[in-house]
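Heads up, the thing below is written out as structure tokens.
The values are calculated or read from the model by the stated rules, or taken from the named source; none is laboratory data. None of these values were measured; they are calculated from a predicted model. Neighbour counts run over all protein chains shown; Cβ positions are idealised from the backbone, glycine included.
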Amino acid sequence: MQALTVLYDQECGLCRRAHNWLAEQSKLVELNFVPCASEDARKRYPQLNHDLTKKDLTVVSDNGAVYFGPKAWLMVLWALTQYRDWAYRLATPELLPTTKKVVSVISQNRYQLGRVAGLSR
Amino acid sequence: MTIAITTYLIYLAISIALTVWVARTLHKNGRVFLVDVFHGNEALADSVNHLLVVGFYLINFGYVSLALKLGYAVDDAQKGIEALSVKVGMVLIVLGAMHFFNLFIFSRMRRRKSVHSNQPPIGPDAFTTVQEA
């Protein structure tokens, strides 16, 4: 695996902020950012359910493996030099249920969170 | 030479000999670990190994020195041997703790390295075809 494509929600301030932060991090795996359900995303992945990618973060590897929701977050973390250890830690059977819960809550409330944090939509 | 002085000298001789022996064992056998951790960079491994041993010597000799004073009179040979056994026993336990602490550091370093494998932390949800632009 050489590269991951991150299908992110361009409509949400929190996601754009996260995108900017990720762009600055040192990476072990290349990260490409494509707005979800965009023309570019549809062209790249003709078979993917693009309505689903609008609901939660989706990551697709260069060999076509699709990671959705909490798994996508873990894969992004895993791509970062400084946080790879954390990706493994959060993916252990003991922590994975909590990770999934926390990530889902953040994902589902991303517009509200962005507004609270003062990031425009 | 009084019995107390003799006890002190034997204590020092045993403690120093033990510390040197444990440090040399660590130095000799820890090297393999460190070379592996630093991806075969032997110069770096030797440097870190040496620094660890210096710290080990400092802490142990510091303890041996601080723990030298008996604080009570040693009147006969029996008292001397008893005092010696308590002091040397303490040194042995401190050496043992330090030794395991060093092993813990080595194994931590090794784990950190193995964590940087290329195996993703989780399996994918599905597979899709990729149309290269």
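Structure data summary
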| read-out | value |
| --- | --- |
| Residue check, A:V6 within 11 Å of chain B (Cβ to nearest Cβ), part of a strand (DSSP E or B) and either crowded, with 19+ Cβ neighbours inside 10 Å or touching a strand residue (DSSP E or B) at 6+ places or on another chain (Cβ under 7 Å) (or both) | no |
| Residue tally, condition of a type in the set (K, R), more than 9 Å from chain B (Cβ to nearest Cβ) and within 19 Å of A:C36 (Cβ to Cβ), over the stretch A:63-106 | 0 |
| Test: A:L96 is closer than 16 Å to B:P120 by Cβ and in contact with a Phe, Trp or Tyr (Cβ under 8 Å, 6 or more places away or on another chain) | no |
| Extreme residue, surrounded by the most Cβ atoms within 10 Å (Cβ to Cβ), among residues of the stretch A:45-55 that are of a type outside the set (A, V, I, L, M) and under 17 Å from the mean Cα position of the chain (by Cα) | A:T53 |
| Odd one out for A:L48, checked against (1) at the interface with chain B (Cβ under 9 Å from one of its Cβ atoms); (2) in contact with a Phe, Trp or Tyr (Cβ under 9 Å, 6 or more places away or on another chain); (3) of a type in the set (A, V, I, L, M, F, W, C) | (2) |
| Residue in the stretch B:100-132 that is surrounded by the most Cβ atoms within 10 Å (Cβ to Cβ), counting only those that are modelled with pLDDT under 75 and over 17 Å from B:G30 (Cβ atoms) | B:V115 |
| Enumeration of residues in the stretch A:16-39 that are out of contact with any His (no Cβ under 9 Å at 6 or more places or on another chain), surrounded by 14 or more Cβ atoms within 10 Å (Cβ to Cβ) and more than 22 Å from B:P120 (Cβ to Cβ) | A:R16, A:P35 |
| Residue within the stretch B:102-109 that is farther than 30 Å from A:L74 by Cα and either within 26 Å of the chain's Cα centre (by Cα) or within 14 Å of chain A (Cβ to nearest Cβ) (or both) present | yes |
| Considering residues of the stretch A:102-119 that are part of a helix (DSSP H, G or I) and hydrophobic (A, V, I, L, M, F, W, C) only, the residue modelled with the lowest pLDDT | A:V116 |
| Residue match in the stretch B:77-89 (condition: basic (K, R), under 21 Å from the mean Cα position of the chain (by Cα) and modelled with pLDDT of 90 or more) | no |
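Okay, residues lined up against (1) among the small types (G, A, S); (2) surrounded by fewer than 14 Cβ atoms within 10 Å (Cβ to Cβ):
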{"site": "B:A17", "(1), (2)": "yes, yes"}
{"site": "B:W21", "(1), (2)": "no, yes"}
{"site": "B:L66", "(1), (2)": "no, yes"}
{"site": "B:L95", "(1), (2)": "no, no"}
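Here's the yes/no breakdown for (1) touching a residue at least 60 places away in the same chain (Cβ under 8 Å); (2) among the charged types (D, E, K, R); (3) within 13 Å of B:V22 (Cβ to Cβ):
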{"residue": "B:V64", "(1), (2), (3)": "no, no, yes"}
{"residue": "B:A73", "(1), (2), (3)": "yes, no, no"}
{"residue": "B:A83", "(1), (2), (3)": "yes, no, no"}
{"residue": "B:M90", "(1), (2), (3)": "no, no, no"}
{"residue": "B:V94", "(1), (2), (3)": "no, no, yes"}
